[in-house]
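Remarks on the structure that follows.
The values are calculated or read from the model by the stated rules, or taken from the named source; none is laboratory data. Please read all numbers here as calculations on a predicted model, not as lab measurements. Neighbour counts run over all protein chains shown; Cβ positions are idealised from the backbone, glycine included. Heavy atoms of the whole protein, side chains included, go into the accessibility calculation; ligands, DNA and RNA do not. Shrake-Rupley method; radii C 1.70, N 1.55, O 1.52, S 1.80 Å.
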Amino acid sequence: MPSSKMNKPVSALVYAAGFGTRMGRLVESKPKPLLKVAGKPLLEHALELVEEAKIKTCVVNAHYRASSIVSYLENRPEITVLVEYPAILETGGGLANALPVLGSNPVFTLNTDAVWLGPNPLECLNESWDPEKMDALLLVVPLAKSRGHAGPGDFSMLRDGRLRKRRAQERFVYTGAQIIRTDLLSEFGTGTYSIKPVWERMGADNRFFGAVYNGLWADAGTPRGLECAEQMLAEC
């Protein structure tokens, strides 16, 4: 087993490449990560969490209206922007593409279409991370503590914290924050693919876990979600 130092996540990938199709006309002139909640772009909300968690290396990927992302971060030399061209690489391929910058340690990944009220989600993940038994640790929230989320949860959780695909009880929503070991990505290669097959492989090995977020979380991936996120922050 690698040393404990090598099992500690020290880098983060912030996903900012998506088309934001659920936003409709709001993304005709700008990418979803630059839409604002409480006067601040969604991307900035995510980057502040990375900074607060004292993560040493941060990568932001970009594809749709990538020039806007690049321009927004042009005076932030501590952040590496990777433009995915000509094709978007999705969550799995995007992570694989960023590994030369992120390094070989486990990695935080964070979606930009989420807003949090409570403890720093990355710090919560770090406190629960156990590399002896985990290949991935997803931060999940009970449906009752989610805002702007439509439909059922994404996973159920076993008593030991392992995640399973959603069932009749104990439904949890994936918040878009995780720690994940990246060595398995070599089996999937480069190119465009989702992170979900990687999760499924980890689940088959009984190394796919969840941690429950105790604050509030808003799915800011739709116009209604943006409104819910605004309301959630206004109530604090």
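Is there a residue in region 143-164 that is out of contact with any Leu (no Cβ under 8 Å at 6 or more places or on another chain), of a type in the set (A, V, I, L, M) and open to solvent by less than 60 Å² (accessible area, probe 1.4 Å)? Checking region 143-164: at least one residue is out of contact with any Leu (no Cβ under 8 Å at 6 or more places or on another chain), of a type in the set (A, V, I, L, M) and open to solvent by less than 60 Å² (accessible area, probe 1.4 Å).
Matching residues to (1) within 26 Å of GLU230 (Cα to Cα); (2) assigned to a helix (DSSP H, G or I); (3) charged (D, E, K, R):
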residue: LYS30; (1), (2), (3): yes, no, yes
residue: PRO33; (1), (2), (3): yes, yes, no
residue: HIS45; (1), (2), (3): yes, yes, no
residue: VAL50; (1), (2), (3): yes, yes, no
residue: SER67; (1), (2), (3): no, yes, no
residue: ASN75; (1), (2), (3): no, no, no
residue: THR80; (1), (2), (3): no, no, no
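GLU123 meets all of the listed conditions (1) acidic (Asp, Glu); (2) touching a residue at least 40 places away in the same chain (Cβ under 8 Å); (3) surrounded by fewer than 16 Cβ atoms within 10 Å (Cβ to Cβ); (4) in contact with a strand residue (DSSP E or B) (Cβ under 8 Å, 6 or more places away or on another chain) but one, namely (4).
Go through the residues of region 61-71 one by one and say whether even a single one is within 14 Å of the chain's Cα centre (by Cα) and aromatic (Phe, Trp, Tyr). Within region 61-71, not a single residue is within 14 Å of the chain's Cα centre (by Cα) and aromatic (Phe, Trp, Tyr). Would you confirm, using the coordinates I've provided, whether GLY94 is among the small types (Gly, Ala, Ser) and more than 30 Å from GLY39 (Cβ to Cβ)? Criteria not met by GLY94. Taking the options GLY191, GLY225, name whichever one is of a type in the set (Gly, Ala, Ser), over 24 Å from MET134 (Cα atoms) and either in contact with a His (Cβ under 7 Å, 6 or more places away or on another chain) or assigned to a helix (DSSP H, G or I) (or both). Result: GLY225 is the single residue among GLY191, GLY225 that is of a type in the set (Gly, Ala, Ser), over 24 Å from MET134 (Cα atoms) and either in contact with a His (Cβ under 7 Å, 6 or more places away or on another chain) or assigned to a helix (DSSP H, G or I) (or both). If you go through region 196-216 and keep only what is in contact (Cβ under 8 Å) with a residue 40 or more places away in the chain, of a type in the set (Lys, Arg) and not in a loop (DSSP other than H, G, I, E, B), you end up with just LYS196. In region 52-65, of all residues being in contact (Cβ under 8 Å) with a residue 24 or more places away in the chain and part of a loop (DSSP other than H, G, I, E, B), the one that is farthest from GLY221 (Cα to Cα) corresponds to LYS56.
Can you pull out every residue in region 175-195 that is free of Cβ contacts under 8 Å to residues at least 60 places away in the same chain and open to solvent by 30 Å² or more (accessible area, probe 1.4 Å)? Give the steps one after another, and end with the answer.
Residues of region 175-195 free of Cβ contacts under 8 Å to residues at least 60 places away in the same chain: 184, 186-187.
Passing the criteria: SER186, GLU187.
Going by what's in this entry, would ARG65 be described as out of contact with any Pro (no Cβ under 6 Å at 6 or more places or on another chain), at pLDDT 95 or above and among the basic types (Lys, Arg)? Considered against the rule, which asks whether it is out of contact with any Pro (no Cβ under 6 Å at 6 or more places or on another chain), at pLDDT 95 or above and among the basic types (Lys, Arg), ARG65 comes out as no. For region 127-141, residues that are closer than 26 Å to LEU117 by Cβ and open to solvent by 40 Å² or more (accessible area, probe 1.4 Å) total 2. When VAL70, VAL50, VAL37, VAL59 are checked against the criterion of being touching a strand residue (DSSP E or B) at 6+ places or on another chain (Cβ under 8 Å), hydrophobic (A, V, I, L, M, F, W, C) and open to solvent by 60 Å² or more (accessible area, probe 1.4 Å), VAL70 stands alone in meeting it.
Which residue pairs have Cβ atoms closer than 6 Å, lie 6 or more positions apart in sequence or on different chains, and pair a first residue in region 9-35 that is under 18 Å from VAL81 (Cα atoms) with a second residue that is modelled with pLDDT under 95 and open to solvent by 20 Å² or more (accessible area, probe 1.4 Å)? Hits for this filter: VAL10/LYS56.
Regarding region 134-157, can at least one residue be identified that is of a type in the set (Asp, Glu), modelled with pLDDT of 95 or more and out of contact with any helix residue (DSSP H, G or I) (no Cβ under 8 Å at 6 or more places or on another chain)?
Pass one, region 134-157, residues of a type in the set (Asp, Glu): 135, 154.
Applying the additional criterion that residues be modelled with pLDDT of 95 or more yields 135.
So of that shortlist, the ones also out of contact with any helix residue (DSSP H, G or I) (no Cβ under 8 Å at 6 or more places or on another chain) come out as none.
No, region 134-157 contains no residue that is of a type in the set (Asp, Glu), modelled with pLDDT of 95 or more and out of contact with any helix residue (DSSP H, G or I) (no Cβ under 8 Å at 6 or more places or on another chain).
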